[in-house]
Amino acid sequence: MPSTHPLALHDTASSRLVQALRGHRPEVTPVWFMRQAGRSLPEYRALRATGGSMLDACLDPALASEITMQPVRRHKVDAAVFFSDIVVPLKLVGLDVEIVAGRGPVFAEPVRTAAQIADVVRIDPALVTERGAEVAEAVARTTAMLAEESAVRGEPLPLIGFAGAPFTLAAYLVEGGPSKDHLGARSLIHSDPAAWSDLTAWLAEVTGRFLALQVQAGASAGQLFDSWAGAIAPADYRRAVLPASAKALEPVRALDLPGAPEGVPLIHFGVGTGEILADMASIGVDALGVDYRVPLDVAVDRLGARGSEVTLQGNLDPALLFAPAAARKAAVHAALEAGLAARAHVFNLGHGVPMDTDPDVLTDLVSTVHDWRAPGAA
Ligand code: CP3
């Protein structure tokens, strides 16, 4: 653990990303991409071809830190996002999970019945912290590499840590693997509300500790991924999902970061969340990730009174990565202009980078964002 957190030690507090997340609009809009590390990069495919599973790679500090740095060096994005996966903390506590290429997380045993849930929630969430040495070391190595890269770039470069929200984790755990409509988890909410509440409260502690581990080890921001939250009816979301998401943020809020008493800014993201944006903003986060279905200025309207209290992140449709350059540039400019309605804006895609994306298109997109200036700005 660093004796001083990178927010102070490497001044990532003054980075474009952290500034924007905290509501100050830097002259240049910061940009990073969900899934910026991964199969769209030939250097990633080359490293992964040396063997080992995806989850082994996540728990190998040298490999995970190098993979985290690859898109930073190549695309000149304003932040690194830690190479890991939302199911890593579930592996750390001892669940039998693998990531199957082309599919996603698969559990040897689904956790579905009241008895299976009772067994799982008996596992002590503190195991995430106790067994998290490789995660902490990977983060520490990454922040050291980011400090070197910052010196070259002349800009402080923060690391974004992340965790899966309890609902999105439950969507995999209850089903035993990926599903199209997350019917297993959505049914459990109604068929056994008590078991659902026990399961999501446990997941909140497990995933919250995973995020806190990364922040304590040096991440300068955190993102809670509730990728599949848009699958739930808004009333069910408020009642049966949001409380566990709020609880997942408690461990990171409880940290006392050396040299950075203000803590790290937090982002809350989901896909298809147009109906629940204001709810997602209600748990005291600094920023909201918006997918491409809702233009950012419309998102600000939907947020009502909270519209001036959060930074927005997003939201280019990843489909534009496969469109002619002129169409893409126009869409990037439209998103940047719509983002002016928010107190500040962090540019991103509406969801993750598709694996067959041409990496040069992403590099070019970063310079399009960096070259843009708000009308009337100096
Ligand atoms: O660059 C980054 O964004 C950081 C790393 C990251 C990964 N997964 C690496 C990864 C992050 C932030 C995640 C989060 C994650 N994992 C989410 C939430 C984000 C989202 O996309 O909505 C979800 C739902 C998962 C679960 C998961 N893991 C899926 C659905 C898949 C894809 C399976 C496939 O092969 O298409 C994974 C695997 C995964 N996670 C890969 C990477 C780079 C691909 C693994 C490989 O290289 O084979």
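For the reader, a short list of remarks on this structure follows.
- Inter-residue pairs, beta-carbon under 7 Å, first within 16 Å of G314 (Cβ to Cβ) and in segment 21-46, second of a type in the set (S, T, Y), 6+ apart: L21/T311
- Top-ranked residue in segment 239-251 [being surrounded by 15 or more Cβ atoms within 10 Å (Cβ to Cβ) and more than 16 Å from the ligand (Cβ to nearest atom); ranked as nearest to A126 (Cα to Cα)]: P251
- Test: R302 is among the basic types (K, R), in contact with an Asp or Glu (Cβ under 7 Å, 6 or more places away or on another chain), farther than 26 Å from A80 by Cα and assigned to a helix (DSSP H, G or I): no
- Test: residue in segment 317-334 that is touching a His at 6+ places or on another chain (Cβ under 8 Å) and within 26 Å of G376 (Cβ to Cβ): no
- For segment 69-86, the count of residues that are among the small types (G, A, S), farther than 27 Å from S179 by Cα, near the ligand (Cβ under 9 Å from one of its atoms) and at pLDDT 95 or above is at least one.
- Some residue of segment 128-147 being assigned to a loop (DSSP other than H, G, I, E, B) and either over 22 Å from the mean Cα position of the chain (by Cα) or without any contact (Cβ under 8 Å) to a residue 24 or more places away in the chain (or both): no
- The one condition from (1) closer than 18 Å to G218 by Cβ; (2) surrounded by 17 or more Cβ atoms within 10 Å (Cβ to Cβ) that A20 does not meet is (1).
- Looking only at segment 67-80, and only at residues there that are on the phi < 0 side of the Ramachandran plot and outside any helix (DSSP H, G or I), the one that is surrounded by the most Cβ atoms within 10 Å (Cβ to Cβ): A80
- Among the residues of segment 3-47, the one identified as under 17 Å from the mean Cα position of the chain (by Cα), of a type in the set (D, E, K, R) and within 16 Å of the ligand (Cβ to nearest atom) is R35.
- Qualifying position, being closer than 21 Å to H24 by Cβ and hydrophobic (A, V, I, L, M, F, W, C), among L303, L362, L320, L349: L303
- Scope segment 215-244; condition among the aromatic types (F, W, Y) and in a loop (DSSP other than H, G, I, E, B); matching residues: W228
- Breaking point among (1) of a type in the set (K, R); (2) within 12 Å of the ligand (Cβ to nearest atom); (3) closer than 22 Å to A248 by Cα, for R131: (2)
- Contacts under 6 angstrom Cβ, first residue in segment 79-100 being over 16 Å from A204 (Cα atoms), partner within 11 Å of the ligand (Cβ to nearest atom) and part of a loop (DSSP other than H, G, I, E, B), 6 or more apart: A79/W32; F83/A37; V97/V87
- For segment 312-360, filtered to residues that are within 16 Å of the ligand (Cβ to nearest atom) and more than 19 Å from the chain's Cα centre (by Cα), the residue that is surrounded by the most Cβ atoms within 10 Å (Cβ to Cβ) is T357.
- Summed over segment 48-66, the residues that are part of a helix (DSSP H, G or I), of a type in the set (A, V, I, L, M, F, W, C) and either near the ligand (Cβ under 8 Å from one of its atoms) or in contact with a helix residue (DSSP H, G or I) (Cβ under 6 Å, 6 or more places away or on another chain) (or both) give a count of 6.
- Residue in segment 102-114 that is nearest to the ligand (Cβ to nearest atom), counting only those that are assigned to a strand (DSSP E or B) and not aliphatic (A, V, I, L, M): G104
- Top-ranked residue in segment 87-101 [being near the ligand (Cβ under 9 Å from one of its atoms) and surrounded by fewer than 21 Cβ atoms within 10 Å (Cβ to Cβ); ranked as nearest to the chain's Cα centre (by Cα)]: I99
- Among the candidates A138, A163, A195, residue that is crowded, with 19+ Cβ neighbours inside 10 Å and farther than 30 Å from P30 by Cβ: A195
- Residues that are more than 27 Å from V252 (Cβ to Cβ) and part of a loop (DSSP other than H, G, I, E, B), drawn from segment 154-177: G154, G176, G177
The values are calculated or read from the model by the stated rules, or taken from the named source; none is laboratory data. What you are looking at is a predicted structure, and each value in this text was computed from that prediction instead of being measured. Ideal geometry is used to build each Cβ from the backbone, glycine not excepted, and the neighbour counts take in all protein chains shown.
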